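Trainee: Structure in structure tokens, see below.
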Amino acid sequence: MVKEFTILEARLRNPEYAFSSPTDTFNYLKLKLADLEHEVFSVLYLDNQNRLLKSKELFRGTIDGAAVYPREVVKVALHFNAAAVILAHNHPSGLTAPSEADRYITERLKAALDLVDIRTLDHFIVGEGVPYSFAEHGLL
């Protein structure tokens, strides 16, 4: 799996590659988050053409949750001069359905990022199977 992750990450860091395919985003996030035994909240920071500036694990939690602070997400986005973000976290249980807490933090993060003109493209929950996309379910 390490080799697959390295190859995919190298492809995503190519200056000509943009996150235009949900499948590539799914694959990248699944390789990065699916096998973890604790919850991790990550953010993909993107430029105006949706090219990856930085993938950053911002918060680490326990088997069933992680504290997420909008201020920190915005601070890092401004540091990288990001134009857009893709939010992602895993559910170690394997279930990808969003909880009320997941919906609430997504709304708070989107509102905080909107204040500084940074687009929230999606929020993925990674578990078993296909990751859950907030955008595809009309929640963003």
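Trainee: Classify the stretch 2-133: rounded, prolate or oblate, from the alpha-carbon gyration tensor (a ≥ b ≥ c, eigenvalue square roots; a/c under 1.5 rounded; otherwise prolate if a/b is larger than b/c)? Can you show the working numbers first?
Mentor: Working: a/c = 1.71, a/b = 1.06, b/c = 1.62.
Note, shape of the stretch 2-133 comes out oblate.
Trainee: Here is a further query. In sequence order, what are the phi-derived ³J(HN,Hα) couplings for the stretch 27-37 according to the Karplus relation 6.51 cos²θ - 1.76 cosθ + 1.60 with θ = phi - 60°, rounded to whole Hz, with x for glycine and proline?
Mentor: So the J values, rounded to whole Hz, are 4, 4, 5, 5, 4, 7, 10, 4, 8, 6, 8.
Trainee: Below 12 angstrom from the Cβ of Y132, what's the summed charge of the other residues (Lys, Arg +1; Asp, Glu -1)?
Mentor: Values: positive: K30, R103; negative: D102, D122, E128, E136.
Charge balance near Y132 sits at -2.
Trainee: Could you size up the charge dipole of the chain around its Cα centre, putting +1 on the beta carbon of Lys and Arg and -1 on that of Asp and Glu, and report it in debye to the nearest 20?
Mentor: Values: 15 positive and 19 negative charges, 88 e Å.
The calculation lands at about 420 debye.
Trainee: Further question: Along the stretch 125-131, what does the Karplus equation 6.51 cos²θ - 1.76 cosθ + 1.60 (θ = phi - 60°) give for ³J(HN,Hα), rounded to whole Hz, x for Gly and Pro?
Mentor: After applying 6.51 cos²θ - 1.76 cosθ + 1.60, I find 10, 9, x, 8, x, 6, x Hz.
Trainee: Follow-up. Which value at 222 nm does the chain reach when only helices count, each DSSP H run of 4 or more adding -39,500 (n - 2.57), with the total divided by all residues and rounded to the nearest 500 deg cm²/dmol?
Mentor: -11000 deg cm²/dmol
Trainee: Could you please state, rounded to a whole Å, how far the C-alpha centre of the stretch 16-66 is from the C-alpha centre of the stretch 84-140?
Mentor: 11 Å
Trainee: Further question on the same structure: Output wanted: per-residue J couplings in Hz (rounded whole) for the stretch 79-84, from phi through Karplus 6.51 cos²θ - 1.76 cosθ + 1.60, θ = phi - 60°, x for Gly and Pro.
Mentor: Ordered by residue, 3J(HN,Hα) equals 4, 8, 6, 6, 9, 8 Hz.
Trainee: Something else now. If you take every DSSP beta bridge fully contained in the stretch 2-133, what fraction is antiparallel? Give it as a percent rounded to 5. Intermediate results must be reported in sequence, preceding the final value.
Mentor: On the way: 16 of 23 bridges.
Within the stretch 2-133, antiparallel bridges account for around 70 percent of the total.
Each value in this text was obtained by applying a stated rule to the coordinates, not by laboratory testing. Everything quoted here is computed from the prediction, not taken from an experiment. Quick reminder, even Gly has a Cβ in these numbers, built from the backbone with ideal geometry, and neighbours come from all protein chains shown.
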